[in-house]
Amino acid sequence: MVSEKKKESLKKLKAEMKKYPVIGIIDMHNLPAKQLFEIKQKLKGKAIITMYKKRIIKLALKDSDLKDIKELDSFVQGEPAIIFSNENPFKLANIIQKSRSKRIAKEGDTAPEDIVLREGPTSLPAGPAIGDLQRAKIPAIIAEGKIAIKKDTTVAEKGEAINKIIADILAKLGIEPIEIGLNMLAAWENGLVYTKDVLFIPTEQYIEDLKNAARDAFNLTIGINYYTPQNIQLLLGKAYKEAVSLAVHANISTKETIEPMLLKAYQEAMALKNKTGG
């Protein structure tokens, strides 16, 4: 039986869902309260984040008459929250991406990317810390009073849990490999659901993809002789060269073909002379 408090929460959530054209699902797992407060400040006036019990969110999605909103159900996981916005999902994702920050690694954290210590001097003075690096199989020496790393060394691979020794070394070196921010798993906008892997594609990649698509389309039109304002000059040039080449091979004399025909005749005569030894 659903309590009155839960019924009220469900009613409130369903009412909020009808007010906004964009609704996102967030997993708040491992997001410290301090960072959440800072992110909310950055999103002020652009988006609202509210936390509900997982069951309440699922019931609200199930009971809603918003088009295809139920597709968000599979993204309700971890410590879920709802984000409401009037911004389009991609602009919202961009705001969220820019609000992300870094922190030091803790034991048990998952490496988001390969963590590599680069060859060269560190900020650490000569002392006991060199023993910590060597115990972690990081080749280190003393150079000019500082601890230096002898060669690039991967201390944690992407997806690997960071152990305490590595976490302590990274902290001493001032390296903050863990990214903190809102983990928006999906966003709904007027019947369409965009997943995380689509929402957070870098703007630069979109631009590069558009350039590649434009280039490929242009090359295709040339290949199939499809005339457009953009390729007409190139296609006419191509047709002209092909026509001249055909005329030369067919021995059709024109002002355009006379010179290459004479050159062709000369080359054939020289080849014949060489063959006959004349």
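The values are calculated or read from the model by the stated rules, or taken from the named source; none is laboratory data. The structure presented is a predicted model; accordingly, all values stated were derived computationally and were not measured. So basically every Cβ, Gly included, is an ideal-geometry build from the backbone, and we count neighbours across all protein chains shown.
Some notes on this structure:
- Condition met for Leu10 (touching a residue at least 40 places away in the same chain (Cβ under 8 Å), touching a helix residue (DSSP H, G or I) at 6+ places or on another chain (Cβ under 6 Å) and under 21 Å from Trp188 (Cβ atoms)): yes
- Residues of the stretch 15-39 that turn out to be over 22 Å from the mean Cα position of the chain (by Cα) and over 20 Å from Ile178 (Cβ atoms), as a count: 7
Listed here are the residues, each with its yes/no results for (1) farther than 19 Å from Asn163 by Cβ; (2) at pLDDT below 85.
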position: Ile95; (1), (2): yes, no
position: Arg100; (1), (2): yes, yes
position: Ala105; (1), (2): no, no
position: Arg118; (1), (2): yes, no
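- Complete set of residues in the stretch 77-99 that are under 19 Å from Asn30 (Cα atoms), touching a helix residue (DSSP H, G or I) at 6+ places or on another chain (Cβ under 7 Å) and surrounded by fewer than 20 Cβ atoms within 10 Å (Cβ to Cβ): Ser99
- From Leu170, Leu133, Leu124, residue being in a strand (DSSP E or B) and either modelled with pLDDT of 90 or more or over 24 Å from Lys40 (Cβ atoms) (or both): Leu124
- The stretch 15-37, subset surrounded by 13 or more Cβ atoms within 10 Å (Cβ to Cβ) and at pLDDT below 90, residue farthest from Leu92 (Cα to Cα): Asn30
- Among the candidates Ile104, Ile57, residue that is aliphatic (A, V, I, L, M) and buried (at least 17 other Cβ atoms within 10 Å of the Cβ): Ile57
- Among the residues making up the stretch 131-168, a single one is in contact (Cβ under 8 Å) with a residue 60 or more places away in the chain and not β-branched (Val, Ile, Thr): Ala167.
- Boolean, Ile49 is surrounded by 17 or more Cβ atoms within 10 Å (Cβ to Cβ), more than 23 Å from the chain's Cα centre (by Cα) and within 20 Å of Ala93 (Cα to Cα): yes
- Some residue of the stretch 178-192 being more than 30 Å from Pro32 (Cα to Cα), among the polar types (S, T, N, Q) and surrounded by fewer than 17 Cβ atoms within 10 Å (Cβ to Cβ): yes
- Answer residue from the stretch 171-221, given it is in contact (Cβ under 8 Å) with a residue 24 or more places away in the chain and of a type in the set (D, E, K, R) and is nearest to Ser85 (Cα to Cα) among those: Glu189
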